[in-house]
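Quick notes on the structure that follows.
No value in this document is a laboratory result; all are computed from the given coordinates. No experiment lies behind these values; they were computed from the predicted model shown. Cβ placement follows ideal geometry from the backbone for every residue including glycine, while neighbour counts extend to all protein chains displayed.
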Amino acid sequence: MTDDGYQGPKRGADRAVLLAHGAGADMHAAALTGPADALGDARIPSLRFDFPYRRAGRRGPDRPPVLLASAREAAADLAKRARVPLDRLVLGGRSMGGRICSMVAAAEDDPIPALGLALLGYPLHPPGKPDTLRVEHFPRLAMPVLFVSGTRDAFATPEELKRHAKKVKGRVTYSWIETGDHGFKPLKASGLTPAEALTSAAEAVVRFVQSLD
């Protein structure tokens, strides 16, 4: 794995995956490095990147226009490095990062024609505020979408996520982390360790990416 977040074969790939971090993390978060390693084992290039506020050492996320522009820039960088067109990219990542990537794919002006979206812990709404939804762009998502989510996620219960994901026009796939919270940490009673939960999420991403036509 390279220090700049790019990983994958030097040639011969027919798809690549962009992985954006969550609001309180950076590109070195285990929720991103796990999928990147698993994709690398499957010879699928990936790029993890930091949003500008993280590169500047700030804690608070940038405004949406800055985040969206950064995701576009990273997608273009990945397409160039992996030598694949934009429509062969799978966009996604953790929580806020996945949401931003989905918004880029659903943009009314100049959307990125993504091959698919891999959304890990999609933040459907803030905890305790189920009516403050982040789904206004879902009807413009025509590509396949993977949601990997913990069944105890305070940002989206399974029932909420399935109900609102019906707005997505593309094929929707779910991978549930049993008893997992927003960070996929499971309850001890589940018999699932945090490492196993993260491995399950990474494997779900690889299966999804490989399944795309």
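Explain nothing, just the number: relative contact order of the chain, from Cα pairs under 8 Å at least 6 residues apart, as a whole percent.
18 percent
Of the DSSP beta bridges with both residues in region 6-211, give the percent that are antiparallel, rounding to the nearest 5.
10 percent
With each run of n ≥ 4 DSSP H residues scored as -39500 (n - 2.57), what mean residue ellipticity at 222 nm is computed for the chain after dividing by its residue count and rounding to the nearest 500 deg cm²/dmol?
Only helices count here, giving -10000 deg cm²/dmol.
Ranked by Cβ crowding within 10 angstrom, fewest neighbours first, how are F184, F138 ordered?
F138, F184
Using all alpha carbons of the chain, what is the percent of pairwise distances in each 5 Å bin, ordered from the shortest bin to the longest?
Over the chain, the share of Cα pairs per 5 Å bin runs 1, 8, 17, 21, 22, 17, 10, 3, 1, 0 percent.
Can you give the log10 of the normalised intensity I(q)/I(0) at q = 0.22 Å⁻¹, computed with Debye over equal Cα scatterers of region 1-125?
Evaluating at q = 0.22 Å⁻¹ gives log10 I(q)/I(0) of -1.31.
For region 25-39, just list the computed ³J(HN,Hα) in residue order, Karplus coefficients 6.51, -1.76 and 1.60, θ = phi - 60°, integers in Hz, with x standing in for Gly and Pro.
10, 9, 6, 8, 4, 4, 5, 9, 5, x, x, 4, 5, 5, 5
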